[in-house]
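**Student:** Let me give you the structure first, and then I'll get to my questions.
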Amino acid sequence: MAEWRKRWRQWVYSSVALLLALMVSGSLALEALAQEDSPPTDQTAAIWTVGELTFESRYPQGFVFTAQISSSAGPIVRGRVVWSHAPGTQKSRPVEVDPATGRLIATWEPGPGESAPPWLGLTYVWSVGDAAGNAFETEPRYAEYADNSRRWLRSESEDIIVFSQGLPPEVNELTLAAMAEQRETYRAAWGDLLPYKPRAILFGDREAWNEWQVGVSSPNYAGLTRSEWGGTVQRGTSGDLRQLAYGTVLHEVAHLYQDAFTVMPAGSWFTEGNATFFELERYYDYEGAVRALAAAGQLPALLEGPGPGVSGRNARRGYDIGYTFWKWLVDNYGLEGHRALVTLIGQGVRRNNAIEQVTGLSLAEVEQRWRVWLGASPIPPTLIPTPPFFFLPSPTPYTPGK
Ligand SMILES: [Zn+2]
């Protein structure tokens with residue numbers, strides 16, 4: 001149970017971090033604009049010469065860009081390297097000029113709270129200006145934050161890039177197969193595929209997992225998914241490869257879809273149930289667990305009020321109940337209904353209003369039909385019960401690496 005809670009917390013945290021990253025990159029963009037607002041009056045046309053561009057991963061201590069760029073109109077006086085791991089977010093570092101060689105250098109080192117796992121992809125450009133006020137930007141280039149200190153297995157398909165270490169190599173093939181199997185479901189449910197190729201970075205060794213976490217006192221969670229990384233990092237065990245590929249990765253990739261196509265509140269049954277809906281291999285029978293709850297007269301109210309939580313002792317309950325809502329919706333309205341619902345919410349329609357629009361039913365009718373489908377009485381309890389226990393085959397469905 002604790003692992004799920006931690007994973008959820010990390011997901012909330014990652015959403016907050018994403019917001020912060022957007023704010024930071026916004027201010028950087030302003031700073032760059034301000035610099036270019038007042039070009040000197042003696043601006044002359046420049047001929048730009050681009051020599052060698054390099055990228056060096058110093059994982060886990062960051063990375064270094066170097067470039068030979070010169071202008072015929074004057075020395076380089078300003079510049080940044082701007083990179084993004086996935087579309088929509090960017091980071092940058094100022095450029096320094098080595099006075100002896102004229103070589104440009106930009107360095108990134110992870111500070112506290114800036115932990116970056118190995119094998120993130122970077123698309124980057126050099127953006128520089130000369131003393132005469134001319135600006136120049138290189139073509140985008142691609143690099144990876146490589147961990148060359150240990151053996152990694154890299155696999156790539158049209159759906160995903162997978163990196164694994166310390167795990168049996170078939171985990172890569174399983175992950176490619178799972179993503180291929182789910183491709184058309186993602187496409188139909190969201191309206192399109194992700195605007196980038198996601199990556200799954202799968203760790204078998206605890207020591208390798210701990211290494212990239214700068215300033216994290218207890219990196220004891222099972223995984224972390226961040227849209228700004230365009231991917232998910234997960235710890236796995238060799239006994240659980242199919243679950244990792246067909247369960248965890250598909251679930252986490254669904255969170256990437258949520259961020260790319262709509263706006264969902266982190267840490268809610270609606271969001272976690274939605275990601276759970278995309279798992280092809282379940283940790284146990286979620287629907288059966290919720291049906292057991294319904295049979296025991298303990299199915300809580302869903303749409304009015306806070307609904308079931310996804311943290312604390314009953315964390316899994318919120319995931320499972322949320323899953324049954326999405327299953328009910330798609331059983332009745334198809335993946336078209338899923339797409340319509342997330343589209344409306346992405347346009348700013350409130351969740352319950354969007355549900356009413358897509359189903360053509362009142363909220364009470366939706367709740368009733370969902371409850372009856374699960375075998376519960378049609379009337380939701382007015383007080384949300386706190387059941388003394390919840391039926392699970394195991395209270396800790398997923399504890400890799402322990
Ligand atoms: Zn999740």
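The values are calculated or read from the model by the stated rules, or taken from the named source; none is laboratory data. Just so it is clear, the model here is predicted, and its values are computed rather than measured. A quick note on method: Cβ atoms are made from the backbone with ideal geometry, for glycine too, and the neighbour counts reach across all protein chains shown.
**Student:** Which of the residues belonging to the stretch 271-322 are out of contact with any helix residue (DSSP H, G or I) (no Cβ under 8 Å at 6 or more places or on another chain) and either small (Gly, Ala, Ser) or within 14 Å of the ligand (Cβ to nearest atom) (or both)?
**Tutor:** Those that are out of contact with any helix residue (DSSP H, G or I) (no Cβ under 8 Å at 6 or more places or on another chain) and either small (Gly, Ala, Ser) or within 14 Å of the ligand (Cβ to nearest atom) (or both): Gly288, Ala292, Ala295, Ala296, Gly297, Gly305.
**Student:** With the structure loaded, tell me whether Thr232 is within 11 Å of the ligand (Cβ to nearest atom), assigned by TED's automatic domain parsing to the domain that holds Gly312 and at pLDDT 95 or above or whether it fails that test.
**Tutor:** No.
**Student:** List the number of the failed condition for Pro40; all other conditions in (1) loosely packed, with under 13 Cβ neighbours inside 10 Å; (2) at pLDDT 95 or above hold.
**Tutor:** Evaluating Pro40 over (1) loosely packed, with under 13 Cβ neighbours inside 10 Å; (2) at pLDDT 95 or above leaves (2) as the failure.
**Student:** Take the residues of the stretch 133-183 that are of a type in the set (Asp, Glu) and more than 22 Å from Thr107 (Cβ to Cβ): which is surrounded by the fewest Cβ atoms within 10 Å (Cβ to Cβ)?
**Tutor:** Glu158
**Student:** All but one of (1) assigned to a strand (DSSP E or B); (2) under 28 Å from the mean Cα position of the chain (by Cα); (3) of a type outside the set (Ser, Thr, Tyr); (4) farther than 17 Å from Leu122 by Cα hold for Gly111; which doesn't?
**Tutor:** Among (1) assigned to a strand (DSSP E or B); (2) under 28 Å from the mean Cα position of the chain (by Cα); (3) of a type outside the set (Ser, Thr, Tyr); (4) farther than 17 Å from Leu122 by Cα, Gly111 violates only (1).
**Student:** When Gln258 is evaluated against the numbered criteria (1) touching a helix residue (DSSP H, G or I) at 6+ places or on another chain (Cβ under 6 Å); (2) within 15 Å of the ligand (Cβ to nearest atom); (3) under 30 Å from Asn332 (Cα atoms), which criterion, by number, is the only one it fails?
**Tutor:** Unmet condition: (1).
**Student:** Which ones in the stretch 92-113 are surrounded by 14 or more Cβ atoms within 10 Å (Cβ to Cβ) and under 24 Å from Asn210 (Cα atoms)?
**Tutor:** Scanning the stretch 92-113 gives Thr107, Trp108, Pro110.
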